[in-house]
Each structure stands twice: as C-alpha cells, then as structure tokens.
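Novice: Please read through the structure below; I'll follow up with questions.
Laboratory data are not the source of any read-out in this text; all were calculated from the coordinates shown. Bear in mind that the values here come from a model prediction, so they are computed numbers and not experimental data. Please note: Cβ atoms are built from the backbone with ideal geometry, for glycine as well, and neighbour counts cover all protein chains shown.
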Amino acid sequence: MKSVAPTIVDELVYFLRRQDDGKYELEGSEGLSNLSNTVPVIGDNITLTREGLGGSTMRVVGRHYVRHLNEATDTEWAAWFIIVESLELDGDLLAAISENFR
C-alpha cells in the first residue's frame, strides 16, 4: 500500500499584481490568521492605512489555489495566490475607516 504524501499547507496568502509588462510580481503576503482564517474572494477590497501617510487599497480580481507535488520526497505543498489590482480609495471613505481605528 502506497503511503499518503504529507501535505504542507502554507500559512500565508500571497498577493500578486500584474505589471505593465504583463508579468506578475509579488506585492506581499499576509498570514491566514491575520485574515480571520479566510481567503479573500474576487471583488474584496484590501486596504492598508499608515498613520500620517494615508493608505493604499487593492481589489481582488483573481485567486488561485496551488498544489505542488514532489514525488522524490513524497510531499505536497499547497498555498493560495490572490491576484490584485490597485484601487483608488475615496478620501471620505479612507477618513471614515481611519477614524474608527483611532
């Protein structure tokens, strides 16, 4: 009987952004625990605010669950990759969000 390959599930969700040349670049990553153990879905907006600097917002436009099998070591690795685009956040909305975090 063949053994079942151990699966390594990555605790990070990776954010990729398509560049002007058409290639994807890693924008960043976030721990699943910081995302309430949920993976953002298409249409979700993700905003980062920085005290005194404003904020930046990304919209999820795609998501890919990736499984990689390594037969030599009989292991499997799995992770989520989220495709994002920059989004201009309305100044009034950013102010309302920021005010609630003070």
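Novice: Grab the DSSP H runs of the chain that are 4 residues or longer, score each as -39,500 (n - 2.57), total them, divide by all residues and round the 222 nm result to the nearest 500 deg cm²/dmol. Write out the running numbers ahead of the final one.
Specialist: Details: 1 runs with 10 residues, N = 102.
It comes out at -3000 deg cm²/dmol, rounded to the nearest 500.
Novice: Using +1 at the C-beta of Lys and Arg and -1 at the C-beta of Asp and Glu, which of GLN19, SER56, LEU35 has the Cα lying farthest in the positive direction of the dipole of the chain?
Specialist: Most positive-ward Cα: LEU35.
Novice: Along its three principal axes, how long is the chain when you only count alpha carbons? Whole Å, largest extent first please.
Specialist: Between the extreme Cα coordinates on each principal axis of the chain lie 62, 35, 22 Å.
Novice: What are the residues whose amide H is under 5 Å from the amide H of LEU89, where those residues sit 5 or more places off or on another chain and H is modelled from the backbone?
Specialist: Result for LEU89 returns THR57.
Novice: If you plug each phi of the stretch 36-43 into the Karplus form 6.51 cos²θ - 1.76 cosθ + 1.60 with θ = phi - 60°, what whole-Hz ³J(HN,Hα) values come out, in order, with x for Gly and Pro?
Specialist: Result, ordered by residue: 6, 6, 10, 9, x, 9, 4, x Hz.
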